[in-house]
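The values are calculated or read from the model by the stated rules, or taken from the named source; none is laboratory data. In this text the structure is predicted, and so the values were computed from the model without any measurement. FYI the Cβ positions are ideal-geometry reconstructions off the backbone, even for glycines, and counts take in every protein chain you see. We work out accessible area using only protein heavy atoms, side chains counted, and drop any ligands, DNA or RNA first. Shrake-Rupley method; radii C 1.70, N 1.55, O 1.52, S 1.80 Å.
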Amino acid sequence: MRGAAMRHHSACTTILVGKKASIDGSTMIARNDDTFRPITPQKFIIEPARTNDKGKILKSWLNKFSMELPPDADRVPAVPNVDYKKCGYYDESGINQHNVCMSCTESTYGNSRTLAFDPLVRDGLDEDCMQTAVLPYITSARHGVEYLGSLIKKYGSPAGNSVLFSDKDEIWYMEIVTGHHWVAQRIPDDCYAVAPNCVSIECVDFDDPDNFMYSEGIREFVDTHRLNPDRSCWNVRHIFGTATDEDRHYNTSRTWYVQKYLNPERTQDPEDFDLPFISRAQKLITREDIQFLLGSHYQNTPYDPLGHGADADKHKFRPIGLNRTQNAHILQIRNDVAGDRAAIMWLCIGGPTFTPFIPFFTNMNDTDASFKNTSMTYNARDAWWYYKSLAALVESHYAHFAMPNAAYLDELNRWYRARVEEIIEQSRNLTGDELTAFLTKENQKTVAHTRKESEKHMGELYTQAILLSKLTFKMDANL
């Protein structure tokens, strides 16, 4: 039985880009955190490092799971829910002091055929506690898979989940498909991968430990219960995944659109259950490409809900960017600068379709007050509410506001690119605590500039909105 925690599953989109597939040699893992409610306020905080802190217990607010945490922990940024007692912690994403990235809480639905023999564990390690239990304690992306795998073996999982790990060299994508079984695949350096809310990994090579990891006994489990429908391939998607009408309208189209953008030479069907998980793009992939895709809604196709297609087409597929995207993030590890300033968390706290991805050097010891003190009810001082408001304003007059909003985002991206390089250059001779303090202060300046430019943009949109009012009547110039 899936248990009460299933009500809080996150319906997300994942994009992974290897270091030889990106334009600057960075590894990048990215995800939209989409909940089932448009309003789930989040904050951006720093969880401090701990040394010899024995006896600390992690408890879930969604089930009866608890575990004792190791005594030593890295400092990590996190993006948890404000109302954690009702919604769970969900630290979501972050980069630790070893420059290991983790993004979790993408719901991945297994089929009843496999769950019949290894049911989900009601009080196991669920997604609300997963990052808190793993990220502060791992030293590489591969180690992250191994560490989480050991916890799933010990505690079981109450939900199917996909988890992303990366470091400067490797990207791993892990799918937890039953109560105790999982498979992980390393994304080739020159490739990208996209995953919606369905099992995505395809054929596994059990003789290739450099590129595949999996739970103990998973092959025997499949053989014993005769779960493999294929004659010649051990395909995780076919064995453990689903292929339903819901998948056809909710999941496959998202993979189709990302691949249509990055591989325009392909002709593919948005309802195809077997779109490839891993691909090589026609061109090198930029951070701006990922931002566009995370905020996309099938632009330039009949399926755009904000476009001009027929109503049936406009509402046929679930878009990638949603009003219930609580945050979107790109976790980047650069390979062209020193490690103590190579980790950048590009965080979009308001919704990736209309609001910016702000760069935060994660070698920091604090976040801006507007990010860490989020209220449960509307407060314009809070970054989460402020940028949610901006997104709602743009969508309210999309035909008139889309172009100025695109120009605003483009200008911020131009400024961010120069800004990041400026900070790296200015910090060239700094190390240790002095560097951390400097990067923290510079992050706050980036936040302030973004807010200033956003205020200007919102003012222009509000002014235009007044002129667009339908409560007007032309009769005489003097009346």
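Quick notes on this structure:
- Count - residues of region 320-367 that are under 23 Å from ASN251 (Cα atoms) and charged (D, E, K, R): 1
- Region 187-205, residues that are touching a residue at least 40 places away in the same chain (Cβ under 8 Å), in contact with a strand residue (DSSP E or B) (Cβ under 8 Å, 6 or more places away or on another chain) and not hydroxyl-bearing (Ser, Thr, Tyr): ILE187, PRO188, CYS191, ALA193, VAL194, ALA195, PRO196, ASN197, CYS198, VAL199, ILE201, GLU202
- The criterion of being out of contact with any helix residue (DSSP H, G or I) (no Cβ under 6 Å at 6 or more places or on another chain), modelled with pLDDT of 90 or more and within 23 Å of GLN332 (Cα to Cα) does not hold for SER112.
- Sub-7 Å Cβ pairs linking a first residue in region 125-148 that is over 22 Å from ALA159 (Cα atoms) to a second residue that is among the aromatic types (Phe, Trp, Tyr) and open to solvent by 10 Å² or more (accessible area, probe 1.4 Å), at least 6 apart or interchain, are TYR137/TYR147; ILE138/TYR147, ordered by first then second residue.
Yes/no matrix, rows are residues, columns are (1) in contact with a Ser or Thr (Cβ under 7 Å, 6 or more places away or on another chain); (2) farther than 24 Å from VAL337 by Cα; (3) small (Gly, Ala, Ser); (4) open to solvent by less than 10 Å² (accessible area, probe 1.4 Å):
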| site | (1), (2), (3), (4) |
| --- | --- |
| VAL121 | yes, yes, no, no |
| LEU125 | yes, yes, no, yes |
| GLY149 | yes, yes, yes, yes |
| SER162 | yes, yes, yes, yes |
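- Within region 116-131, tally of residues that are out of contact with any strand residue (DSSP E or B) (no Cβ under 6 Å at 6 or more places or on another chain) and either modelled with pLDDT of 95 or more or more than 27 Å from LYS86 (Cβ to Cβ) (or both): 10
- Of all residues in region 410-442, those satisfying the criterion of being open to solvent by 30 Å² or more (accessible area, probe 1.4 Å) and in contact (Cβ under 8 Å) with a residue 12 or more places away in the chain are GLU411, TRP415, GLN426, THR431, ALA437, PHE438.
- Of the residues making up region 279-304, those that are open to solvent by less than 40 Å² (accessible area, probe 1.4 Å) and either outside any loop (DSSP other than H, G, I, E, B) or over 22 Å from SER93 (Cβ atoms) (or both) number 14.
- The set of residues in region 246-270 being touching a Ser or Thr at 6+ places or on another chain (Cβ under 6 Å) and open to solvent by 10 Å² or more (accessible area, probe 1.4 Å) consists of PRO270 alone.
- Any hit, region 77-97, residues being more than 24 Å from ILE46 (Cβ to Cβ) and open to solvent by 10 Å² or more (accessible area, probe 1.4 Å): no
- Highlighted here are the helices (runs of 4 or more DSSP H) found entirely within region 207-250 that include at least 2 residues which are farther than 21 Å from PRO196 by Cβ and not hydrophobic (A, V, I, L, M, F, W, C): 218-224.
- Residue match in region 172-183 (condition: more than 20 Å from THR114 (Cα to Cα) and of a type in the set (Asp, Glu)): no
- Any helices (runs of 4 or more DSSP H) falling wholly within region 372-467 and containing at least 1 residues that are out of contact with any Leu (no Cβ under 9 Å at 6 or more places or on another chain) and on the phi > 0 side of the Ramachandran plot: 432-467
- THR463 fulfils the conditions (1) polar (S, T, N, Q); (2) under 26 Å from ASP336 (Cα atoms); (3) surrounded by fewer than 15 Cβ atoms within 10 Å (Cβ to Cβ) except for a single criterion, (2).
- Picking from residues in region 60-76 that are open to solvent by 90 Å² or more (accessible area, probe 1.4 Å) and without any contact (Cβ under 8 Å) to a residue 60 or more places away in the chain, the one that is nearest to ALA133 (Cα to Cα) is GLU68.
- Selection from region 28-47 of residues that are in a loop (DSSP other than H, G, I, E, B) and closer than 21 Å to GLN332 by Cα: LYS43, PHE44
- Test: residue in region 211-219 that is under 24 Å from ILE285 (Cβ atoms) and touching a strand residue (DSSP E or B) at 6+ places or on another chain (Cβ under 7 Å): yes
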